[in-house]
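The values are calculated or read from the model by the stated rules, or taken from the named source; none is laboratory data. No experiment lies behind these values; they were computed from the predicted model shown. Note that we place each Cβ from the backbone using ideal geometry, even for glycine, and neighbour counts take in every protein chain shown.
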Amino acid sequence: MSISELISRAAGTVTELVAEPGRLGPRDGRTPCADFDVHELCEHLLNSMNISKTAVRREVWPDGRWLEMDQPPWLKFPAELASLTEAWSAPGALDGEVALKGRTITAKVGAGITLMELVVHGWDLARAGGGDIRFDDDVLAVAMAQVERLSGTLRGRPGGFGPQVLVAPDANTLDRIVALTGRDPLWHPHPAP
């Protein structure tokens, strides 16, 4: 299965999550990303998706550009996720190089980063609402490989990964992914007293 198809499947899973009003928790609710509340995380994901679409279309994302969530996620994200899938499924999307956040990388690496963003932030949003999200095993396998590849580069950087969280050797793939990015797989928006 191609990375484009995996992006499509991950985007479908995130669309199912966000399509139900209230499933992500309150707008100002906590998330596993200590720097973001639910609204801020939605804006981060919105911008990540649009930066990715701009890159795969071989266009330039202007420095300092920031998109704001002008609608609730259940209204805004389905079309954005469909557009992201369409962009990565276009003929030639995976050929050559793309410019992503000021760096030139192969299109396939850019697609892997896009997949990783959907999986990790999809999990963040599901957990912010007190729930879970289930991605297909093949989506998780590729996202895990991407997180492993980038963990040394992104760990401790602003906007990167936090300190790795230890998990049991038999932890499922999604728990291992979020732990590698510095998130606690057991995180809940309302910790027990």
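Residues are listed down the side, and each one gets a yes or a no for (1) over 17 Å from residue 22 (Cα atoms); (2) touching a Phe, Trp or Tyr at 6+ places or on another chain (Cβ under 7 Å); (3) basic (Lys, Arg):
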residue	(1), (2), (3)
48	yes, no, no
60	yes, no, no
63	yes, no, no
69	no, no, no
76	no, no, yes
Task: Members of the range 1-20 that are outside any helix (DSSP H, G or I) and in contact with a Leu (Cβ under 9 Å, 6 or more places away or on another chain) - done: 2
Open item on the list: Suppose the filter is assigned to a strand (DSSP E or B) and not hydroxyl-bearing (Ser, Thr, Tyr); does residue 109 pass it?
Closed with: no
Open item on the list: With the requirement that a residue be assigned to a helix (DSSP H, G or I) and farther than 19 Å from residue 84 by Cα, what does the range 125-137 give you?
Closed with: 126, 127, 128, 137
Task: Residue list for the range 55-81, restricted to those being out of contact with any strand residue (DSSP E or B) (no Cβ under 8 Å at 6 or more places or on another chain), at pLDDT 95 or above and farther than 29 Å from residue 129 by Cβ - done: 57
Open item on the list: Name the residue that is surrounded by the fewest Cβ atoms within 10 Å (Cβ to Cβ), counting only residues in the range 30-79 that are of a type in the set (Lys, Arg) and in a helix (DSSP H, G or I).
Closed with: 76
Open item on the list: So for the range 109-129 (the condition being over 29 Å from residue 21 (Cα atoms) and exposed (fewer than 15 other Cβ atoms within 10 Å of the Cβ)), does at least one residue qualify?
Closed with: no
TODO: Report whether or not residue 140 is under 30 Å from residue 22 (Cβ atoms), in contact with a Ser or Thr (Cβ under 6 Å, 6 or more places away or on another chain) and in a helix (DSSP H, G or I).
DONE: yes
Open item on the list: So in the range 80-104, with the set limited to residues that are in contact with a Ser or Thr (Cβ under 8 Å, 6 or more places away or on another chain) and assigned to a helix (DSSP H, G or I), which one is surrounded by the most Cβ atoms within 10 Å (Cβ to Cβ)?
Closed with: 88
